[in-house]
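Asker: If you scroll down you'll find the structure; I have some questions about it.
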Amino acid sequence: MRSADTNTDHTSKIVGTVWGLLVLNTLGSAGARTIVPLPRSLIQMVTMGALVAAFALALVVNPRVRIRASAYVFLLTLLLVPSLISSVDQGAGFGALFRCARLALFIGTLWLLSRWWDGGLTFVRHHIRMYFAVLGSVAAGLVVSPGAALPDLYGGRLVGALWPLTPPQIGQYAAVIIGLTVLLVLGRRTDRTSAAVVIVPSLVLLALTHTRTATLGLIIALVLAITSLVLTSAAARRLFSWAVLCAAVAAVGFSSALQAWFLRGQSQENFSSLTGRAKVWHALLAAPRTTSEYLFGAGLGDKSFGGLPIDNSWLAVYNEQGMTGVALVAAIIIVLGGVALLRPPSLSRACAIFLISYCAIASYTEAGLGDASPYLLHLAVAASLLAAPADATPLSTPEAPRRRLPRGAQRSEVT
């Protein structure tokens, strides 16, 4: 029994390490200026090395390549098809093919990890730990060099001073682990002290990023997740009631402060154009396209158009993977959302609803649903939560019928 428990613990640690390496790979290589300048080539080497190491470790822990059926990873695999067609057919170059290889390796690692997707909270805990560690590096950079962490270039918004992270990235990580930790507290899967250690500093960092998408995504997704627990959890009902009361008080007493934080000093025109995003979107949609580009896109790129970031998952997928990619990404959201709605109320279901809702909301002003990104990791955690539990024990062997012995043989046995 001890050896079996030891092997289980060892496997769990390796799986957690693989998940951490996937998180490191999706941090990206472009962002704010760091205290110690890091060459982009070095950052890319680290992130790609993390992905290769994650795939290798996943093979070590799953050498027989045992996988579980997963509609989510299957649809991601299908997404490789338009990515490859557009990257090859449109002559997008080595960069696009490299991104296709990265996406293939990313999906392959998820397939290998799917063996441990059983509807439990294991990957939720891995997710919280890894992103809390990332936020720890952001907080450390803020303490070491407040000027570098709150630069004028970003309007005084919090950035990564040790690792190049933008305010939307930090806001996203903070919002996700805050929501998941709140749900764990409601489900009594963690104590309030441990939850406060995660939630309080994450809320501070989220506020310093001034990220509207992450804040709204957190609030709306958490409301939807808690609502799914209201009928079965008294704690969820109490929290929901207190949240409504606090929201009403904040709307009345702090309306001007909230409005100032939300506008971030921008003009009404700039705010209505979503900080210039709408201009890029209109230009992208108005650009002429061939039939092949319309169906399969122009090849995987850096999620920009005309040198400006697209900042919309659906338009980024349309630009790079065409309408085929848009249909597959929509199928991912619809399938995961539909499965979550069909599941009976539970903590796992609530966490999945939170992650799916957050990704759907953030997709309007953030790119990432069509390529290896934190958003695909969030949805992978949701898929693991919605997976059917694996059989804990093998079926018992039926007892063999007892053979009747002749009377003489029975007497001899008795004597």
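The values are calculated or read from the model by the stated rules, or taken from the named source; none is laboratory data. Values in this document were obtained by computation on a predicted structure and should not be read as measured data. All Cβ positions, even for glycine, are placed from backbone atoms using ideal geometry, and neighbour counts span all protein chains on display. For accessibility, only protein heavy atoms count, side chains too; no ligands or nucleic acids. Shrake-Rupley method; radii C 1.70, N 1.55, O 1.52, S 1.80 Å.
Each row is one residue, and each column tells you yes or no for (1) modelled with pLDDT of 95 or more; (2) open to solvent by 40 Å² or more (accessible area, probe 1.4 Å); (3) part of a helix (DSSP H, G or I).
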{"residue": "Gly368", "(1), (2), (3)": "no, no, no"}
{"residue": "Ala372", "(1), (2), (3)": "no, no, no"}
{"residue": "His378", "(1), (2), (3)": "yes, no, yes"}
{"residue": "Ala390", "(1), (2), (3)": "no, yes, no"}
{"residue": "Ser396", "(1), (2), (3)": "no, yes, no"}
{"residue": "Pro401", "(1), (2), (3)": "no, yes, no"}
{"residue": "Leu405", "(1), (2), (3)": "no, yes, no"}
{"residue": "Ala409", "(1), (2), (3)": "no, no, yes"}
{"residue": "Ser412", "(1), (2), (3)": "no, yes, yes"}
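Asker: I need a count of the residues in region 236-263 that are surrounded by fewer than 14 Cβ atoms within 10 Å (Cβ to Cβ) and modelled with pLDDT under 70. It would help to see each step written out before you state the result.
Answerer: We begin by selecting, within region 236-263, every residue surrounded by fewer than 14 Cβ atoms within 10 Å (Cβ to Cβ); these are 238, 241-242, 244-260, 262.
Add one more test, that the residue is modelled with pLDDT under 70, and what stays is 242, 244-245, 247-260, 262.
Qualifying residue count for the region: 18.
Asker: A further question follows. How many of the residues making up region 319-352 are farther than 27 Å from Asp118 by Cβ, open to solvent by 30 Å² or more (accessible area, probe 1.4 Å) and of a type outside the set (A, V, I, L, M)?
Answerer: Qualifying residue count, region 319-352: 1.
Asker: For region 288-311, name all the residues that are without any contact (Cβ under 8 Å) to a residue 12 or more places away in the chain and farther than 17 Å from Ser373 by Cβ.
Answerer: Of everything in region 288-311, those that are without any contact (Cβ under 8 Å) to a residue 12 or more places away in the chain and farther than 17 Å from Ser373 by Cβ turn out to be Pro288, Arg289, Thr290, Thr291, Gly307.
Asker: Could you tell me whether any residue of region 157-168 is open to solvent by less than 20 Å² (accessible area, probe 1.4 Å), in a helix (DSSP H, G or I) and among the hydrophobic types (A, V, I, L, M, F, W, C)?
Answerer: No, region 157-168 has no match at all.
Asker: Restricting region 60-77 to residues that are part of a loop (DSSP other than H, G, I, E, B) and either among the β-branched types (Val, Ile, Thr) or modelled with pLDDT of 95 or more (or both), which is farthest from the chain's Cα centre (by Cα)?
Answerer: Filtering first and then ranking leaves Val65.
Asker: Any residue at all in region 321-332 that is within 11 Å of Ile85 (Cβ to Cβ), among the polar types (S, T, N, Q) and part of a helix (DSSP H, G or I)?
Answerer: Step one: filter region 321-332 for residues within 11 Å of Ile85 (Cβ to Cβ), giving 321-322, 324-325.
So of that shortlist, the ones also among the polar types (S, T, N, Q) come out as 321, 324.
Still in the list and also part of a helix (DSSP H, G or I): 321, 324.
Yes, the conditions are met somewhere in region 321-332.
Asker: Could you check Leu218 against (1) open to solvent by less than 10 Å² (accessible area, probe 1.4 Å); (2) in contact with a Gly (Cβ under 7 Å, 6 or more places away or on another chain); (3) under 17 Å from Tyr131 (Cα atoms) and say which number it fails?
Answerer: Unmet condition: (1).
Asker: To continue, here is another question. Mind checking which residues of region 296-320 are in contact with a strand residue (DSSP E or B) (Cβ under 7 Å, 6 or more places away or on another chain) and in a helix (DSSP H, G or I)?
Answerer: Selection gives Asn319 alone.
Asker: Within region 175-193, take every residue that is among the hydroxyl-bearing types (Ser, Thr, Tyr) and over 16 Å from the mean Cα position of the chain (by Cα) and give me the one that is most open to solvent (accessible area, probe 1.4 Å).
Answerer: Among residues in region 175-193 that are among the hydroxyl-bearing types (Ser, Thr, Tyr) and over 16 Å from the mean Cα position of the chain (by Cα), the one most open to solvent (accessible area, probe 1.4 Å) is Thr193.
Asker: While we're here: Would it be correct to say that Ala360 is within 20 Å of the chain's Cα centre (by Cα), hydrophobic (A, V, I, L, M, F, W, C), at pLDDT 90 or above and not in a loop (DSSP other than H, G, I, E, B)?
Answerer: It is true that Ala360 is within 20 Å of the chain's Cα centre (by Cα), hydrophobic (A, V, I, L, M, F, W, C), at pLDDT 90 or above and not in a loop (DSSP other than H, G, I, E, B).
Asker: Of Gly136, Gly147, which residue is of a type outside the set (A, V, I, L, M) and more than 22 Å from Tyr375 (Cα to Cα)? Let's see the steps before the verdict.
Answerer: Details: Gly136 fails: more than 22 Å from Tyr375 (Cα to Cα).
Going through Gly136, Gly147 in turn, the sole match is Gly147.
Asker: Just name the residue that is nearest to Asp89 (Cα to Cα) out of those in region 286-318 that are of a type in the set (Gly, Ala, Ser) and surrounded by fewer than 21 Cβ atoms within 10 Å (Cβ to Cβ).
Answerer: Ser292
Asker: Something else: Looking at (1) small (Gly, Ala, Ser); (2) closer than 21 Å to Ser70 by Cβ; (3) at pLDDT below 95, find the lone condition where Ala96 falls short.
Answerer: For Ala96, the failing item is (2).
Residue-by-condition table, conditions (1) under 21 Å from Ala380 (Cβ atoms); (2) surrounded by 13 or more Cβ atoms within 10 Å (Cβ to Cβ):
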residue: Asn25; (1), (2): yes, yes
residue: Pro37; (1), (2): no, no
residue: Arg66; (1), (2): yes, no
residue: Pro82; (1), (2): yes, yes
residue: Phe94; (1), (2): no, no
residue: Leu103; (1), (2): yes, yes
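Asker: May I ask you to say which residue of Gly141, Gly136, Gly119 is modelled with pLDDT of 90 or more and part of a loop (DSSP other than H, G, I, E, B)?
Answerer: Answer to the selection: Gly119.
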